[in-house]
Structure formats: structure tokens, C-alpha cells
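Trainee: Got a structure here, written out as C-alpha cells. Questions coming.
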Amino acid sequence: MSIKNPCASLDRLASLIQGISVEAVYAGPEEAADLSISDDVSHVVVGPSDRSVVSITLSPSASHGPFSALVGESLTLKGEAQALARLLVSETQDPRCGTRALRDAYVKAMIIHLLRDEIAAGHIKSGPLAGLSDPRLSRAIVAMHDNPGRNWQAADLADLAGMSRAAFMRSFRTTVGETPISYLRHWRLDRAREALLRGERVGQVARSYGYGSPDAFSRAFNAAEGVLPSDVCVKGSDQRASFPS
């Protein structure tokens, strides 16, 4: 699919990556030039394929995020993305006060520049980025991103896209790789996980992301993640207490 006007989707990249957190970064001695992504999208390695320069462990929500469309691709960092990768290597090898904030900012900025380059080159063929690059599907996806707690129905989303329900469902599945409601469910759960890790209460998270009760949210979360929301709250508290700044 040729992207005639990729700029139309760029303002939504920040929304798409907002749930990706960096759980660990390990640096080696070489200068960063290339980027590879693990099959489960849990690790991003910056540097030559045979020598890991920076290994970035992403939060579980990354598996449904922008990198899912780039698994298996051979990516070369250039321009701003390459400059940010070098800053990331430097900051990781020589940590100082504020390293965590700078490191996370460098990673997310590097991701945005990389995705911009991939969209502009027309390399994104499937997944959320492909959906955001579609002038009709993007309206529905953006609405879900902006209002995840709303009780969205497929017909509502089709209306936003200006398509019949059948055409919308078919196009969404073909382009994004799953149904709109499945995408919404993943988006809600991914954002809910990040909210829990930030320390928000289970009841508050359940209300924010459209669940009828904390119990309903806990059942859905446990079915998808294999752990209870309360367990993630504890993990987030432990991480905040032990992670150096």
C-alpha cells in the first residue's frame, strides 16, 4: 500500500506508543547503527546483529503496539533516530542523575522517528500503523484511542469511518489484523496494565477503561494476562521503589 500522505497519521504516533514502557536497558561497547525486534516484541536490540549494543526490554503491552508490524524486518537507523540511539548508548553506559528520564525519552523519541521513516517509505503494510495511515479506518482507531472507556459498538465505529458495517469490519481485519472490538479489548487491557504499574487503584482503572465493575475487570485482566490486577499493582510499587533515577 502506498502512503501518499503519511503526515495525516503522524500526530497519533504519541498516542500509539504511550503505553510502551522501558523495563530494562543494557549497553555494549559499539556504536548503534541497526535495529532488530524479537518475535514476541519484548526486546528491541540496537546495534550490529551479532553484537548487542543496547538491548531494550519493553513492557508486555508492546506486543500489540507499533513494533508488531515490524517484526522480521531489517531496519537501519538513520538521521534523528540514529542520533538518538547514540545518545541512548552514551546515557546507558555512563548513567548520571536523571538517566532514567532521559533514557526513556530517548527510546520513545527514537521509536517515533523510526516509525515516521517507515511510514513515509510505505513499509507499513499491516497492524495499527497501517490502520492509522488509512484515512477512513484512522478515524475509528483514533476514537478508540481517545475514548477507550466508551461502550463502542462496531456500527458506531463504522459510522465514524464513513463505511458500511460489513465493509468496515472486512477492511479493519485485513489492514489491522484483528477485528475492531478485539483491537479495542487489547488497547484497553494494555493501557490498564500501564495504569496499574503507575499506581492507580484497580477500581479506578476498571472505570476508566469501560469495565462494569472491578470484578469484571479482574476477570478479563486475569484471562488475558494470567495475573490479577492487584499483582501488577504490587509489581509496579516494587519497581518504583527499586528503580534508580
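The values are calculated or read from the model by the stated rules, or taken from the named source; none is laboratory data. All figures in this text were calculated on a predicted structure; none of them were measured in a lab. Methodologically, a virtual Cβ is constructed for each residue, glycine included, from the backbone with ideal geometry; neighbour enumeration extends over all protein chains shown.
Trainee: Condition first: of a type in the set (A, V, I, L, M, F, W, C), over 16 Å from the mean Cα position of the chain (by Cα), surrounded by 14 or more Cβ atoms within 10 Å (Cβ to Cβ) and assigned to a helix (DSSP H, G or I). Can you find one or more residues in the stretch 205-216 that meet it?
Mentor: yes
Trainee: When you look at A223, is it out of contact with any Leu (no Cβ under 7 Å at 6 or more places or on another chain), touching a residue at least 12 places away in the same chain (Cβ under 8 Å) and part of a helix (DSSP H, G or I), yes or no?
Mentor: No: the conditions fail for A223.
Trainee: Looking at G149, is it under 27 Å from G212 (Cα atoms) and assigned by TED's automatic domain parsing to the domain that holds A223?
Mentor: It is true that G149 is under 27 Å from G212 (Cα atoms) and assigned by TED's automatic domain parsing to the domain that holds A223.
Trainee: Can you find, within the stretch 91-111, the residue that is surrounded by the fewest Cβ atoms within 10 Å (Cβ to Cβ) among those that are charged (D, E, K, R) and under 15 Å from V46 (Cα atoms)?
Mentor: D104
Trainee: Enumerate the pairs (first residue in the stretch 204-220 and in contact (Cβ under 8 Å) with a residue 24 or more places away in the chain; second residue anywhere and surrounded by fewer than 18 Cβ atoms within 10 Å (Cβ to Cβ)) with beta-carbon separation below 6 Å, excluding pairs fewer than 6 apart on the same chain, so at least 6 apart or on different chains.
Mentor: Cβ pairs passing all conditions: S208/G149; Y209/G149; G210/G149.
Trainee: Here are some residues: L114, L137, L160. Which one is farther than 30 Å from V25 by Cβ, crowded, with 21+ Cβ neighbours inside 10 Å, touching a residue at least 12 places away in the same chain (Cβ under 8 Å) and not basic (K, R)?
Mentor: So the residue among L114, L137, L160 that is farther than 30 Å from V25 by Cβ, crowded, with 21+ Cβ neighbours inside 10 Å, touching a residue at least 12 places away in the same chain (Cβ under 8 Å) and not basic (K, R) is L137.
Trainee: Is it true that some residue in the stretch 122-140 is farther than 30 Å from Y209 by Cβ and of a type outside the set (D, E)?
Mentor: yes
Residue-by-condition table, conditions (1) outside any strand (DSSP E or B); (2) modelled with pLDDT of 80 or more; (3) within 18 Å of the chain's Cα centre (by Cα):
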position	(1), (2), (3)
D39	yes, no, yes
V44	no, no, yes
S63	yes, no, yes
R86	yes, yes, no
V89	yes, yes, no
I112	yes, yes, yes
E118	yes, no, yes
